[in-house]
Amino acid sequence: DKASERPTHIAYVSEQDGFDANWQLSLLASLDQAIAKEQIYLAFQPQTRLDDGAIVGVEALVRWRHPERGVISPSQFIPQIERAGRLKPLTAHTLRLGARAAQKTGPHDIRVSVNVSATIISDDDFVAFVQENIKAGGGHPGWITIEITETARIPSIERASRNLLALQRLGYHVALDDFGTGEANLSLLVSLPCDELKIDRSFVVLAQHSERARMVISGLSRTTHLAGMRLIAEGIETDEDREMLLNLGCEMGQGYLLGKPQFLPQFLQLLTAVVDTPDRKLSLY
Ligand code: C2E
Ligand code: MG
Ligand code: MG
Ligand code: MG
(Lines give C-alpha, C1' and ligand atoms only; values in the text may rest on other atoms or scores of the structure.)
(Ligands and ions follow the chains in the order given, each with its own letter.)
Protein backbone atom coordinates (compact mmCIF):
# COMPACT_ATOMS: atom_id res chain seq x y z
CA ASP A 1 0.00 0.00 0.00
CA LYS A 2 1.05 3.56 -0.66
CA ALA A 3 2.71 4.62 2.56
CA SER A 4 3.59 8.04 1.24
CA GLU A 5 3.21 9.97 -1.97
CA ARG A 6 5.80 9.48 -4.65
CA PRO A 7 7.48 12.56 -6.07
CA THR A 8 6.02 11.69 -9.46
CA HIS A 9 2.63 10.54 -10.60
CA ILE A 10 3.87 7.23 -11.98
CA ALA A 11 1.80 5.27 -9.48
CA TYR A 12 -1.34 6.73 -10.96
CA VAL A 13 -3.56 5.40 -13.71
CA SER A 14 -2.51 6.48 -17.20
CA GLU A 15 -4.40 6.64 -20.50
CA GLN A 16 -2.71 3.44 -21.66
CA ASP A 17 -4.22 1.55 -18.76
CA GLY A 18 -7.56 1.63 -20.54
CA PHE A 19 -8.81 4.90 -19.16
CA ASP A 20 -11.59 4.86 -21.74
CA ALA A 21 -15.17 6.04 -21.96
CA ASN A 22 -16.58 2.92 -20.28
CA TRP A 23 -14.17 3.23 -17.44
CA GLN A 24 -15.10 6.88 -16.98
CA LEU A 25 -18.79 5.98 -16.89
CA SER A 26 -18.15 3.32 -14.29
CA LEU A 27 -16.23 5.87 -12.21
CA LEU A 28 -19.24 8.19 -12.25
CA ALA A 29 -21.61 5.37 -11.37
CA SER A 30 -19.52 4.48 -8.34
CA LEU A 31 -19.04 8.05 -7.01
CA ASP A 32 -21.69 7.91 -4.27
CA GLN A 33 -20.53 4.51 -3.14
CA ALA A 34 -16.90 5.62 -3.16
CA ILE A 35 -17.81 8.58 -0.94
CA ALA A 36 -19.81 6.37 1.42
CA LYS A 37 -17.00 3.80 1.62
CA GLU A 38 -14.41 6.52 2.23
CA GLN A 39 -12.48 5.56 -0.88
CA ILE A 40 -12.39 9.26 -1.65
CA TYR A 41 -10.05 10.90 0.81
CA LEU A 42 -7.67 13.83 1.21
CA ALA A 43 -3.87 13.99 1.15
CA PHE A 44 -2.31 16.82 3.12
CA GLN A 45 0.67 18.85 1.90
CA PRO A 46 2.40 21.24 4.31
CA GLN A 47 2.78 24.91 3.40
CA THR A 48 5.85 26.45 4.99
CA ARG A 49 7.71 29.72 5.38
CA LEU A 50 10.60 29.63 2.96
CA ASP A 51 13.21 31.15 5.26
CA ASP A 52 12.98 28.82 8.25
CA GLY A 53 10.55 26.06 7.28
CA ALA A 54 7.86 26.94 9.81
CA ILE A 55 4.53 25.30 8.93
CA VAL A 56 1.93 27.96 8.15
CA GLY A 57 -0.82 25.91 6.55
CA VAL A 58 -1.75 22.73 4.76
CA GLU A 59 -3.41 22.02 1.40
CA ALA A 60 -5.95 19.21 1.16
CA LEU A 61 -5.68 17.33 -2.15
CA VAL A 62 -8.39 14.85 -3.11
CA ARG A 63 -7.56 11.20 -3.96
CA TRP A 64 -9.68 8.26 -5.06
CA ARG A 65 -8.55 4.86 -3.92
CA HIS A 66 -10.23 2.60 -6.44
CA PRO A 67 -10.54 -1.09 -5.48
CA GLU A 68 -9.27 -2.21 -8.90
CA ARG A 69 -7.25 0.72 -10.18
CA GLY A 70 -5.40 1.90 -7.11
CA VAL A 71 -5.04 5.57 -6.24
CA ILE A 72 -6.37 7.89 -8.93
CA SER A 73 -5.29 11.54 -9.06
CA PRO A 74 -7.83 14.40 -9.23
CA SER A 75 -6.93 15.41 -12.79
CA GLN A 76 -8.22 11.99 -13.83
CA PHE A 77 -11.67 12.21 -12.30
CA ILE A 78 -12.55 15.85 -11.49
CA PRO A 79 -13.20 16.80 -15.16
CA GLN A 80 -15.50 13.80 -15.69
CA ILE A 81 -17.37 14.46 -12.48
CA GLU A 82 -17.77 18.07 -13.43
CA ARG A 83 -19.06 17.26 -16.92
CA ALA A 84 -21.61 14.95 -15.33
CA GLY A 85 -22.76 17.75 -13.02
CA ARG A 86 -21.63 15.89 -9.87
CA LEU A 87 -19.07 18.38 -8.59
CA LYS A 88 -21.23 19.61 -5.72
CA PRO A 89 -21.57 16.23 -3.94
CA LEU A 90 -17.83 15.65 -4.31
CA THR A 91 -17.02 19.13 -2.99
CA ALA A 92 -19.44 18.68 -0.11
CA HIS A 93 -17.43 15.61 0.83
CA THR A 94 -14.00 17.30 0.57
CA LEU A 95 -15.24 20.30 2.57
CA ARG A 96 -16.44 17.97 5.32
CA LEU A 97 -13.20 15.99 5.35
CA GLY A 98 -11.22 19.25 5.35
CA ALA A 99 -13.27 20.53 8.27
CA ARG A 100 -12.77 17.29 10.16
CA ALA A 101 -9.00 17.58 9.68
CA ALA A 102 -9.14 21.22 10.78
CA GLN A 103 -10.44 20.12 14.18
CA LYS A 104 -6.91 18.83 14.73
CA THR A 105 -4.91 21.55 12.96
CA GLY A 106 -7.02 24.65 13.68
CA PRO A 107 -6.04 24.88 17.36
CA HIS A 108 -2.40 25.01 16.20
CA ASP A 109 -3.28 28.11 14.18
CA ILE A 110 -2.92 26.27 10.89
CA ARG A 111 -5.56 26.60 8.19
CA VAL A 112 -6.65 23.76 5.96
CA SER A 113 -6.87 24.86 2.33
CA VAL A 114 -9.65 23.03 0.47
CA ASN A 115 -9.67 23.16 -3.35
CA VAL A 116 -12.96 24.29 -4.86
CA SER A 117 -13.54 24.55 -8.60
CA ALA A 118 -14.45 28.05 -9.80
CA THR A 119 -17.39 26.67 -11.74
CA ILE A 120 -19.49 26.48 -8.56
CA ILE A 121 -18.43 29.64 -6.70
CA SER A 122 -20.98 31.89 -8.43
CA ASP A 123 -23.88 29.68 -7.36
CA ASP A 124 -26.54 31.48 -5.35
CA ASP A 125 -26.27 28.92 -2.58
CA PHE A 126 -22.46 28.75 -2.52
CA VAL A 127 -21.96 30.53 0.82
CA ALA A 128 -24.64 28.40 2.51
CA PHE A 129 -23.18 25.29 0.85
CA VAL A 130 -19.71 25.97 2.29
CA GLN A 131 -21.03 26.86 5.74
CA GLU A 132 -23.25 23.80 5.92
CA ASN A 133 -20.49 21.36 5.04
CA ILE A 134 -17.78 22.98 7.16
CA LYS A 135 -20.14 22.85 10.12
CA ALA A 136 -21.14 19.26 9.34
CA GLY A 137 -17.43 18.35 9.46
CA GLY A 138 -17.06 20.08 12.84
CA GLY A 139 -14.90 22.86 11.42
CA HIS A 140 -14.78 26.59 11.97
CA PRO A 141 -14.39 29.30 9.27
CA GLY A 142 -11.23 30.60 10.96
CA TRP A 143 -9.57 27.23 10.32
CA ILE A 144 -10.37 27.03 6.61
CA THR A 145 -9.06 28.53 3.37
CA ILE A 146 -11.21 28.15 0.26
CA GLU A 147 -8.74 27.66 -2.57
CA ILE A 148 -10.27 28.54 -5.94
CA THR A 149 -8.98 26.37 -8.80
CA GLU A 150 -9.84 26.58 -12.52
CA THR A 151 -10.22 30.33 -12.06
CA ALA A 152 -10.60 31.01 -15.78
CA ARG A 153 -14.01 29.39 -15.58
CA ILE A 154 -15.94 31.57 -13.14
CA PRO A 155 -19.49 31.87 -14.53
CA SER A 156 -20.04 35.33 -13.03
CA ILE A 157 -17.23 37.45 -11.54
CA GLU A 158 -19.82 39.68 -9.91
CA ARG A 159 -21.66 36.91 -8.08
CA ALA A 160 -18.39 35.13 -7.27
CA SER A 161 -16.99 38.32 -5.71
CA ARG A 162 -20.10 38.75 -3.61
CA ASN A 163 -19.89 35.17 -2.38
CA LEU A 164 -16.17 35.30 -1.59
CA LEU A 165 -16.58 38.57 0.30
CA ALA A 166 -19.39 37.01 2.32
CA LEU A 167 -17.13 34.04 3.14
CA GLN A 168 -14.32 36.39 4.21
CA ARG A 169 -16.73 38.20 6.52
CA LEU A 170 -17.60 34.87 8.10
CA GLY A 171 -13.89 34.30 8.80
CA TYR A 172 -12.80 32.13 5.87
CA HIS A 173 -9.68 32.92 3.90
CA VAL A 174 -9.78 32.82 0.11
CA ALA A 175 -6.84 31.75 -2.08
CA LEU A 176 -6.45 32.05 -5.85
CA ASP A 177 -4.79 28.91 -7.20
CA ASP A 178 -2.47 28.44 -10.20
CA PHE A 179 -1.63 32.08 -10.77
CA GLY A 180 0.52 32.59 -13.84
CA THR A 181 -0.86 29.74 -15.91
CA GLY A 182 -3.09 31.82 -18.13
CA GLU A 183 -5.92 30.32 -16.15
CA ALA A 184 -5.60 32.89 -13.41
CA ASN A 185 -4.97 36.36 -14.72
CA LEU A 186 -4.40 39.92 -13.58
CA SER A 187 -8.01 41.06 -13.90
CA LEU A 188 -9.06 38.29 -11.52
CA LEU A 189 -6.41 39.43 -9.06
CA VAL A 190 -7.88 42.91 -9.29
CA SER A 191 -11.54 41.98 -8.99
CA LEU A 192 -11.77 38.93 -6.72
CA PRO A 193 -11.62 39.33 -2.95
CA CYS A 194 -8.75 37.12 -1.75
CA ASP A 195 -6.24 36.68 1.04
CA GLU A 196 -3.66 34.57 -0.73
CA LEU A 197 -2.21 34.20 -4.20
CA LYS A 198 -0.61 30.94 -5.30
CA ILE A 199 2.06 31.01 -7.99
CA ASP A 200 1.75 27.92 -10.17
CA ARG A 201 4.64 25.46 -10.40
CA SER A 202 5.01 26.04 -14.14
CA PHE A 203 5.86 29.66 -13.39
CA VAL A 204 8.41 28.64 -10.78
CA VAL A 205 10.06 26.39 -13.37
CA LEU A 206 10.01 29.21 -15.92
CA ALA A 207 11.60 31.59 -13.45
CA GLN A 208 14.69 29.41 -13.20
CA HIS A 209 15.52 30.35 -16.80
CA SER A 210 13.75 33.61 -17.40
CA GLU A 211 14.77 36.99 -15.98
CA ARG A 212 11.39 38.39 -17.02
CA ALA A 213 9.54 35.69 -15.09
CA ARG A 214 11.64 36.52 -12.03
CA MET A 215 10.70 40.19 -12.39
CA VAL A 216 7.03 39.25 -12.52
CA ILE A 217 7.30 37.23 -9.30
CA SER A 218 9.12 40.06 -7.62
CA GLY A 219 6.39 42.46 -8.77
CA LEU A 220 3.69 40.08 -7.56
CA SER A 221 5.38 39.95 -4.20
CA ARG A 222 5.16 43.73 -3.84
CA THR A 223 1.61 43.87 -5.20
CA THR A 224 0.23 41.17 -2.91
CA HIS A 225 1.97 42.58 0.15
CA LEU A 226 0.69 46.10 -0.55
CA ALA A 227 -2.78 44.58 -0.82
CA GLY A 228 -2.30 42.78 2.50
CA MET A 229 -2.28 39.37 0.82
CA ARG A 230 0.02 36.39 1.21
CA LEU A 231 2.05 35.02 -1.69
CA ILE A 232 2.77 31.32 -1.86
CA ALA A 233 4.73 29.40 -4.50
CA GLU A 234 3.86 25.84 -5.54
CA GLY A 235 6.03 22.97 -6.65
CA ILE A 236 9.25 23.82 -4.86
CA GLU A 237 11.44 20.79 -5.52
CA THR A 238 14.99 22.04 -5.02
CA ASP A 239 16.90 24.29 -2.73
CA GLU A 240 17.62 26.50 -5.75
CA ASP A 241 13.86 27.02 -6.19
CA ARG A 242 13.53 27.93 -2.53
CA GLU A 243 16.40 30.41 -2.55
CA MET A 244 15.34 32.04 -5.79
CA LEU A 245 11.81 32.59 -4.52
CA LEU A 246 13.02 33.95 -1.20
CA ASN A 247 15.25 36.42 -3.04
CA LEU A 248 12.28 37.51 -5.14
CA GLY A 249 10.28 38.30 -2.00
CA CYS A 250 8.04 35.23 -1.97
CA GLU A 251 7.94 34.18 1.66
CA MET A 252 5.92 30.96 1.54
CA GLY A 253 5.74 27.78 -0.47
CA GLN A 254 4.84 24.16 -0.90
CA GLY A 255 6.50 21.37 -2.84
CA TYR A 256 8.27 18.05 -2.51
CA LEU A 257 11.32 19.75 -0.96
CA LEU A 258 9.19 21.07 1.91
CA GLY A 259 6.82 18.12 2.28
CA LYS A 260 4.92 15.65 0.12
CA PRO A 261 1.16 15.18 0.21
CA GLN A 262 0.62 12.66 3.01
CA PHE A 263 -2.06 10.88 5.03
CA LEU A 264 -3.61 12.94 7.82
CA PRO A 265 -2.08 10.95 10.71
CA GLN A 266 1.39 11.45 9.22
CA PHE A 267 0.82 15.16 8.77
CA LEU A 268 -0.48 15.45 12.34
CA GLN A 269 2.57 13.57 13.59
CA LEU A 270 4.82 16.01 11.77
CA LEU A 271 2.81 18.92 13.11
CA THR A 272 2.90 17.82 16.73
CA ALA A 273 6.61 17.02 16.49
CA VAL A 274 7.19 20.49 15.13
CA VAL A 275 4.85 22.47 17.41
CA ASP A 276 6.80 21.13 20.35
CA THR A 277 9.77 23.13 19.09
CA PRO A 278 9.82 26.85 19.95
CA ASP A 279 9.15 28.17 16.44
CA ARG A 280 7.19 25.32 14.87
CA LYS A 281 9.98 24.78 12.37
CA LEU A 282 10.58 21.81 10.14
CA SER A 283 14.10 20.50 10.57
CA LEU A 284 14.78 20.87 6.85
CA TYR A 285 17.21 23.71 7.09
P1 C2E B 1 -3.15 22.28 -7.36
O2 C2E B 1 -4.21 22.70 -6.41
O3 C2E B 1 -2.34 23.36 -8.00
O4 C2E B 1 -2.27 21.26 -6.54
C5 C2E B 1 -0.90 21.09 -6.72
C6 C2E B 1 -0.55 19.78 -7.39
O7 C2E B 1 0.85 19.67 -7.51
C8 C2E B 1 -0.98 18.55 -6.61
O9 C2E B 1 -1.29 17.54 -7.56
C10 C2E B 1 0.27 18.18 -5.83
O11 C2E B 1 0.33 16.82 -5.46
C12 C2E B 1 1.33 18.52 -6.84
N13 C2E B 1 2.61 18.87 -6.23
C14 C2E B 1 2.88 19.26 -4.97
N15 C2E B 1 4.18 19.52 -4.80
C16 C2E B 1 4.77 19.31 -5.98
C17 C2E B 1 6.12 19.42 -6.44
O18 C2E B 1 7.05 19.81 -5.72
N19 C2E B 1 6.35 19.11 -7.75
C20 C2E B 1 5.35 18.71 -8.58
N21 C2E B 1 5.67 18.41 -9.83
N22 C2E B 1 4.07 18.62 -8.19
C23 C2E B 1 3.79 18.91 -6.91
P24 C2E B 1 -2.65 16.72 -7.45
O25 C2E B 1 -2.89 16.39 -6.02
O26 C2E B 1 -2.60 15.64 -8.45
O27 C2E B 1 -3.74 17.78 -7.85
C28 C2E B 1 -3.83 18.30 -9.14
C29 C2E B 1 -4.90 19.35 -9.23
O30 C2E B 1 -6.18 18.79 -8.99
C31 C2E B 1 -4.78 20.45 -8.17
O32 C2E B 1 -3.80 21.37 -8.53
C33 C2E B 1 -6.16 21.01 -8.15
O34 C2E B 1 -6.35 21.93 -9.20
C35 C2E B 1 -7.01 19.78 -8.42
N36 C2E B 1 -7.57 19.31 -7.15
C37 C2E B 1 -6.97 18.65 -6.13
N38 C2E B 1 -7.83 18.40 -5.12
C39 C2E B 1 -9.02 18.93 -5.50
C40 C2E B 1 -10.31 19.00 -4.88
O41 C2E B 1 -10.54 18.54 -3.75
N42 C2E B 1 -11.29 19.63 -5.59
C43 C2E B 1 -11.06 20.19 -6.82
N44 C2E B 1 -12.09 20.80 -7.45
N45 C2E B 1 -9.87 20.13 -7.43
C46 C2E B 1 -8.86 19.51 -6.78
MG1 MG C 1 -4.64 23.91 -5.04
MG1 MG D 1 -2.18 25.18 -7.05
MG1 MG E 1 -1.11 24.13 -9.65
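The values are calculated or read from the model by the stated rules, or taken from the named source; none is laboratory data. Only a predicted model underlies this, so the values are computations on that prediction, with no experimental measurement involved. Virtual Cβ from ideal backbone geometry, glycine too; neighbours counted across all protein chains shown.
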Exercise. Within the range 230-241, is even one residue exposed (fewer than 14 other Cβ atoms within 10 Å of the Cβ), away from ligand 3 (no atom under 14 Å from the Cβ) and modelled with pLDDT under 95?
Worked result: no
Exercise. Does residue 144 satisfy the condition of being under 28 Å from residue 24 (Cα atoms), within 15 Å of ligand 2 (Cβ to nearest atom) and buried (at least 22 other Cβ atoms within 10 Å of the Cβ)?
Worked result: no
Exercise. Given the structure, is residue 185 over 14 Å from the mean Cα position of the chain (by Cα) and surrounded by 22 or more Cβ atoms within 10 Å (Cβ to Cβ)?
Worked result: no
Problem set entry | Unmet criterion (only one of (1) more than 14 Å from ligand 1 (Cβ to nearest atom); (2) at pLDDT 95 or above) for residue 94 | (1)
Exercise. Just one of 81, 157, 146 is at pLDDT 95 or above and either out of contact with any Ser or Thr (no Cβ under 8 Å at 6 or more places or on another chain) or of a type outside the set (Phe, Trp, Tyr) (or both); which is it?
Worked result: 146
Problem set entry | Only listed residue being in contact with a helix residue (DSSP H, G or I) (Cβ under 6 Å, 6 or more places away or on another chain), within 20 Å of residue 115 (Cα to Cα) and within 16 Å of ligand 3 (Cβ to nearest atom), chosen from 170, 197, 189 | 197
Seminar exercise, completed: Restricting the range 189-210 to residues that are closer than 15 Å to residue 147 by Cβ and within 15 Å of ligand 2 (Cβ to nearest atom), the one surrounded by the most Cβ atoms within 10 Å (Cβ to Cβ) turns out to be 199
Exercise. Applying the selection to the range 211-255, what residues are within 20 Å of residue 147 (Cα to Cα), of a type in the set (Gly, Ala, Ser) and assigned to a helix (DSSP H, G or I)?
Worked result: 221
For this session: Please find, among 164, 176, the residue that is touching a strand residue (DSSP E or B) at 6+ places or on another chain (Cβ under 7 Å), assigned to a helix (DSSP H, G or I), aliphatic (A, V, I, L, M) and buried (at least 21 other Cβ atoms within 10 Å of the Cβ).
Result: 164
For this session: Can you run down the residue pairs with Cβ atoms below 6 Å, 6 or more apart or on separate chains, where the first is in the range 176-190 and within 15 Å of residue 235 (Cβ to Cβ) and at pLDDT below 85 and the partner is in a loop (DSSP other than H, G, I, E, B) and within 9 Å of ligand 1 (Cβ to nearest atom)?
Result: 180/200; 181/200
Exercise. Residues in the range 35-60 that are under 19 Å from the mean Cα position of the chain (by Cα) and among the acidic types (Asp, Glu): how many?
Worked result: 1
Problem set entry | Residues located in the range 72-93, provided they are buried (at least 18 other Cβ atoms within 10 Å of the Cβ), in contact (Cβ under 8 Å) with a residue 40 or more places away in the chain and among the aliphatic types (A, V, I, L, M) | 72, 81, 90
